[in-house]
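Structure record follows, encoded as structure tokens.
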Amino acid sequence: MLSSCSSPSQVSRGPGPGDGLCVLNPSVTVGPYHLAGAPFRRDITEGKKGVPLTLRLTVRDEPHACALLKDAAVEVWHCDAWGYYSGYPTARPGGTAPAAGSDNSGANPRTYLRGFQTTDAGGTAEFATVFPGWYARRAPHIHVRVHTGGRATGGTYAGGRVNWTGQLFFADRYSDEVGARAPYTRHTGTRTRLAQDPVYVGGGTRDGLMHVTGDADKGLLATLTVGIDPTRENTGESTGGGGSPLPESRSSGGTSGAPQPGVPSGGATTSTPPPDSAASASRTPTP
């Protein structure tokens, strides 16, 4: 079990005066779209279009009085405005969307909207990105891992252990506001509401619901504080009975699998993606 340390007004209090306790919560599935070797950088957009989003995460050391944790490596990845992930151009987002790579952004198809940052003395890591789009059966979300014990090398982060694997969510009103703007409007279909998302279980900040300020015209700021146990490993890649991968859902039921077959060149995508699953243990993008 790991912890999520909310703002001071949301932290549970122990029996003694001033004994602040973090609220415990488990990691969730890593999903099928993780890639090893994401680059170290603050701005992960690579020219991808969308509503500007500043993502600010603060990491605390739960076993040690929830102290601010310096030099933890925060890794994030998410889909673009049309529901595509870098490294998976043939994984269809469901509904009707333009073909992957047709946005003329010039983004590297293997690395856009992925990156690492290390936390500063205040335990904070910040990313400049765009608000994520959606894909079938999932509300807009951002994947996140917190690593410790490794080091920056070759432009990425290597070694150490994964202490927390989470997913970050937005209240529907922000997804609605963003979804009514270009380029998001070019992906049509039924977007899953937060209450129906198979991963978010309704626990607010404890389960990854971020505090959001700003607006879709000028840009949004999303913040969350999480607590980790630096002595534990939690990759989000658990498997079910007999080694079957768990789907990205609240339970172990359902179907898992690899990304869908290729999309015809220049064509719209209309089929649905696989459920987010531990199936896909991290892989390195093919050159």
Do we have any residue at all in the stretch 97-106 that's closer than 18 Å to Cys79 by Cβ, part of a strand (DSSP E or B), touching a strand residue (DSSP E or B) at 6+ places or on another chain (Cβ under 6 Å) and modelled with pLDDT of 95 or more?
yes
Are any of the residues in the stretch 136-149 outside any strand (DSSP E or B), over 19 Å from Val30 (Cα atoms) and in contact (Cβ under 8 Å) with a residue 60 or more places away in the chain?
no
Going through the stretch 107-121 one residue at a time, which ones are in contact with a strand residue (DSSP E or B) (Cβ under 6 Å, 6 or more places away or on another chain) and not hydrophobic (A, V, I, L, M, F, W, C)?
Arg114, Gln117, Thr118, Thr119
Scanning the stretch 153-177 residue by residue, those open to solvent by 20 Å² or more (accessible area, probe 1.4 Å) and under 24 Å from Arg110 (Cα atoms) turn out to be Thr153, Gly154, Gly155, Thr156, Tyr157, Ala158, Gly159, Gly160, Arg161
How many residues does the stretch 204-240 hold that are open to solvent by 50 Å² or more (accessible area, probe 1.4 Å) and on the phi > 0 side of the Ramachandran plot?
1
So which residues in the stretch 178-203 are without any contact (Cβ under 8 Å) to a residue 60 or more places away in the chain, crowded, with 16+ Cβ neighbours inside 10 Å and in a helix (DSSP H, G or I)?
Gly179, Leu194
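The values are calculated or read from the model by the stated rules, or taken from the named source; none is laboratory data. Just so you know, these numbers come straight off a predicted model, no measurement behind them. So basically every Cβ, Gly included, is an ideal-geometry build from the backbone, and we count neighbours across all protein chains shown. What goes into the accessible areas is simple: the full protein's heavy atoms, side chains included, and nothing from ligands, DNA or RNA. Shrake-Rupley method; radii C 1.70, N 1.55, O 1.52, S 1.80 Å.
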